[in-house]
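Please find one structure pasted underneath; my questions will follow.
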Amino acid sequence: MKCPFCGHLEDKVVDSRESKEGEVIRRRRECLNCAKRFTSYERIDQIPHLIIKKDGRRERFDREKIMAGLLKACEKRPVAVKELENIVDRVESMVHESPDHEVPSVAVGEYLMDRLKEFDKVAFVRFASVYRDFKDVDQFMATLKGLLETSTDS
């Protein structure tokens with residue numbers, strides 16, 4: 001660490017203390033050249049995980065927002081909250097493991113729809129109708145038709 005007084009690059013740590021919250025370590029240092037003391041603070045560099053929206057905006061990943069959307073889609077459906085929590089856990093892992101710390105909302109939405117389609121077709125249709133923002137009945141019917149075709153193939 002560079003001494004703020006003389007610019008020398010070598011020092012020794014004379015005292016280290018963790019903050020009450022455990023998020024910062026305060027270190028008292030002594031310059032090995034001029035013997036003056038100074039304080040440094042060490043904290044984890046947290047890069048926010050972002051979702052890239054369809055219009056290009058970036059928004060912080062919000063676990064609660066995803067859970068709220070799934071709960072709304074599964075309202076009055078026989079879907080256990082634990083199942084939804086597992087899905088949200090997997091989405092959160094996907095976002096946190098992204099090397100760029102950014103994931104397109106399209107990837108998240110498609111992943112959620114695929115999971116919903118696996119265990120509750122009605123919840124899938126509800127979620128898709130909001131997520132895909134159908135402009136007319138034809139788009140909605142095309143999604144339903146595709147769902148029916150995959151159901152008869154199984």
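Going by how many other Cβ atoms sit within 10 Å of their own, how do LYS72, LYS117 line up, fewest first?
LYS72, LYS117
Based only on other Cβ atoms within 10 Å, what is the fewest-to-most ordering of CYS6, CYS74?
Ordered from fewest to most neighbouring Cβ atoms within 10 Å, CYS6, CYS74 come out as CYS6, CYS74.
Oh, and also: Tell me, LEU70, LEU50, LEU32 in order of fewest to most beta-carbon neighbours within 10 Å?
Listing LEU70, LEU50, LEU32 from fewest to most nearby Cβ atoms yields LEU32, LEU50, LEU70.
Output ³J(HN,Hα) for segment 20-35: one whole-Hz value per residue in order, computed from phi by the Karplus curve 6.51 cos²θ - 1.76 cosθ + 1.60 with θ = phi - 60°, and x for Gly and Pro.
4, 7, x, 9, 9, 10, 9, 10, 8, 10, 10, 5, 7, 9, 9, 6
Still on this structure: Name the residue farthest towards the positive end of the dipole of the chain from the options SER98, CYS3, TYR41, assuming +1 on Cβ of Lys and Arg, -1 on Cβ of Asp and Glu, about the Cα centre.
Toward the positive end, the furthest listed residue is CYS3.
Then there's this: List the cysteines of the chain that have no other Cys Cβ closer than 4.7 Å: which are they?
When partners are defined as cysteine Cβ atoms under 4.7 Å apart, the chain leaves CYS74 without one.
With a cap of 15 neighbouring Cβ atoms within 10 Å, and only residues DSSP puts in a loop, list the GluC sites (Glu not before Pro) found in segment 82-136.
Hits after loop and neighbour filter: GLU97.
Values in this text are rule-based calculations from the coordinates and carry no lab data. In this text, all values refer to a predicted model and were calculated from it rather than measured experimentally. All Cβ positions, glycine included, derive from the backbone under ideal geometry; neighbour counts span all protein chains shown.
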